[in-house]
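The structure under discussion appears below in the form of structure tokens.
The values are calculated or read from the model by the stated rules, or taken from the named source; none is laboratory data. These figures come from a predicted structure and were not determined experimentally. Cβ sites come from the backbone with ideal geometry, for glycine too, and all protein chains shown count toward neighbours.
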Amino acid sequence: MKVESTPFEDCFVIQPQVFQDCRGYFFESYNQALFEEKTGLKINFVQDNQSYSRKGTLRGLHFQKGAYQQAKLIRVIQGEILDVIVDIRKNSPTYGSYFSLILNDIDQKQLFIPRGFAHGFLVLSETAVFAYKCDNYYEKEAEGGILYNDPTLAIAWPELDQPYIVSEKDAVLPRFNSIDPL
């Protein structure tokens with residue numbers, strides 16, 4: 001497992017070692033001991049989630065508030081997405097900044113997102129299966145979000161050959177300057 005830093009403290013891009021041959025491939029998608037050794041973090045994942053989406057689907061930017069904040073380890077099982085995170089930690093030197101990267105089923109990279117970030121993604125392939133581990137349980141009352149195209153954040157979402165597919169709920173999320181930092 002190779003671990004790369006990002007511009008954000010305790011946020012890492014993780015590249016598992018993939019073994020390929022004429023039969024296909026194998027890789028260890030998560031190993032707690034290696035994760036702790038390489039990142040220096042002790043995370044207790046308690047929930048796994050998975051979603052299926054078609055091309056142009058934009059989900060986010062979502063987060064959990066208060067005692068229900070979540071750290072996440074995310075990956076793409078099938079397809080390709082642009083994954084985006086926004087630092088909403090009040091006292092962080094990178095508060096209000098975003099980071100994005102392509103995640104896909106070819107290189108199998110993963111992204112570890114610590115608590116205190118809003119998260120979203122855009123499906124670039126015809127379909128995508130997206131999976132993530134969480135270190136805290138989901139709580140509906142603790143939901144938060146930021147409008148994906150807020151000009152304050154200036155996220156460079158790519159143009160596609162079709163309009164984005166955004167849920168009614170995500171289309172009316174508040175702007176960045178309206179949320180309470182975590």
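Quick look at the values:
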| item | result |
| --- | --- |
| Filter pass, ASP83 being in contact with an Asp or Glu (Cβ under 9 Å, 6 or more places away or on another chain) and acidic (Asp, Glu) | no |
| Pick from segment 1-45, criterion under 17 Å from the mean Cα position of the chain (by Cα) and of a type in the set (A, V, I, L, M), ranking: nearest to ILE113 (Cα to Cα) | VAL13 |
| Odd one out for TYR132 among (1) surrounded by 18 or more Cβ atoms within 10 Å (Cβ to Cβ); (2) aromatic (Phe, Trp, Tyr); (3) assigned to a loop (DSSP other than H, G, I, E, B) | (3) |
| Failed item, numbered, when PRO114 is tested on (1) at pLDDT 95 or above; (2) more than 12 Å from the chain's Cα centre (by Cα); (3) farther than 21 Å from TYR52 by Cα | (2) |
| Residue match in segment 106-117 (condition: touching a helix residue (DSSP H, G or I) at 6+ places or on another chain (Cβ under 9 Å), in contact (Cβ under 8 Å) with a residue 12 or more places away in the chain, aromatic (Phe, Trp, Tyr) and farther than 19 Å from ASP170 by Cα) | yes |
| Tally, over segment 33-60, of residues that are touching a residue at least 12 places away in the same chain (Cβ under 8 Å) and either more than 16 Å from ALA131 (Cα to Cα) or among the β-branched types (Val, Ile, Thr) (or both) | 11 |
